[in-house]
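Reviewing the structure listed below.
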Amino acid sequence: QAIGAVIDIRQNSGGSIQNIFNILKAFPNNGQLLYTTQIKSGKEHHEFGAPMPVYAPDNGNHTPYPYPVVVLTDRGCYSASSFFALCCQSYNNITVIGDTTGGGLGLPNGGGLPNGWKYRISVTRTLSPDGLNYENGVPPDEVVLLAPESESQGIDNVIERACQIIFTKHNSNTIGTDNTER
């Protein structure tokens, strides 16, 4: 028996960034850096303002969820779901598996042209805690692709792998045979 959670954000096109911080309040906060953001400051490709670090949100009155969590991602994850995947990688009890997200970590701004075309451009850039730019997609901690042979049998091998991770991590965090959590 193992205690843990699977959060499946595959094919999630995004949403409110505030929801990310609301969800992250449920997990242990060690003051960890989640990402750094910079606002575009000039017309040149490389012109950005000062880095602004973003840290794990305070848990407030929430009791942090101490058990293993696995987040499932794929190329259909954009915008806020890519941010969520990036943030989750800063938590010790969360593992991100699946495929690289679709990206979209920059805050969009856009408009329309007289011919009816619409455009959107990023006015910020987001860097991982180690300084990498994942605008085109956040790689998972472990690549696990949906296998057609499993899918044809009605099995989601990505969820199966998530369950294995939870079981392994849960059991590695127990002391002796009484299943007392560390």
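The values are calculated or read from the model by the stated rules, or taken from the named source; none is laboratory data. Here the structure is a predicted model, which means the values were calculated and not measured. Here the Cβ is made from the backbone with ideal geometry for all residues, glycine too, and neighbour counts use every protein chain on show. What goes into the accessible areas is simple: the full protein's heavy atoms, side chains included, and nothing from ligands, DNA or RNA. Shrake-Rupley method; radii C 1.70, N 1.55, O 1.52, S 1.80 Å.
Structure data summary
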{"read-out": "Subset tally (residues that are among the charged types (D, E, K, R) and at pLDDT below 95) for the range 139-154", "value": "2"}
{"read-out": "In the range 139-165, the residues that are touching a residue at least 40 places away in the same chain (Cβ under 8 Å) and open to solvent by 40 Å² or more (accessible area, probe 1.4 Å)", "value": "141, 142, 143, 145, 146, 159, 161, 163"}
{"read-out": "Residue ID - surrounded by the most Cβ atoms within 10 Å (Cβ to Cβ), chosen from residues in the range 1-19 that are of a type in the set (A, V, I, L, M) and modelled with pLDDT of 95 or more", "value": "9"}
{"read-out": "Output for the range 53-64, where each listed residue is open to solvent by less than 80 Å² (accessible area, probe 1.4 Å) and either in contact with a helix residue (DSSP H, G or I) (Cβ under 8 Å, 6 or more places away or on another chain) or modelled with pLDDT under 95 (or both)", "value": "56, 57, 59, 60, 64"}
{"read-out": "Filter result for residue 115 (open to solvent by 90 Å² or more (accessible area, probe 1.4 Å), without any contact (Cβ under 8 Å) to a residue 40 or more places away in the chain and within 25 Å of residue 17 (Cβ to Cβ))", "value": "no"}
{"read-out": "In the range 66-85, residue surrounded by the fewest Cβ atoms within 10 Å (Cβ to Cβ) [restricted to those that are among the hydrophobic types (A, V, I, L, M, F, W, C) and touching a strand residue (DSSP E or B) at 6+ places or on another chain (Cβ under 6 Å)]", "value": "69"}
{"read-out": "Unique match (being at pLDDT below 95, over 18 Å from residue 14 (Cβ atoms) and open to solvent by 60 Å² or more (accessible area, probe 1.4 Å)) among 109, 179", "value": "179"}
{"read-out": "Complete set of residues in the range 127-163 that are under 16 Å from residue 95 (Cα atoms), among the charged types (D, E, K, R) and not in a loop (DSSP other than H, G, I, E, B)", "value": "142, 160, 161"}
{"read-out": "Residue 116, sole failed condition from (1) within 18 Å of the chain's Cα centre (by Cα); (2) part of a loop (DSSP other than H, G, I, E, B)", "value": "(1)"}
{"read-out": "Some residue of the range 127-138 being at pLDDT 95 or above, open to solvent by less than 10 Å² (accessible area, probe 1.4 Å) and either over 22 Å from residue 19 (Cβ atoms) or in contact with a Pro (Cβ under 9 Å, 6 or more places away or on another chain) (or both)", "value": "no"}
{"read-out": "Meets criteria (more than 14 Å from the chain's Cα centre (by Cα) and surrounded by fewer than 14 Cβ atoms within 10 Å (Cβ to Cβ)) for residue 30", "value": "yes"}
{"read-out": "Unmet requirement for residue 50, which otherwise passes all of (1) open to solvent by 80 Å² or more (accessible area, probe 1.4 Å); (2) within 26 Å of residue 125 (Cβ to Cβ); (3) outside any strand (DSSP E or B)", "value": "(1)"}
{"read-out": "Among the candidates 95, 100, 37, residue that is open to solvent by 10 Å² or more (accessible area, probe 1.4 Å), in contact (Cβ under 8 Å) with a residue 12 or more places away in the chain and under 15 Å from residue 127 (Cα atoms)", "value": "37"}
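Residues checked against (1) in a helix (DSSP H, G or I); (2) hydrophobic (A, V, I, L, M, F, W, C):
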| residue | (1), (2) |
| --- | --- |
| 3 | no, yes |
| 12 | no, no |
| 18 | yes, no |
| 21 | yes, yes |
| 30 | no, no |
| 36 | no, no |
| 44 | no, no |
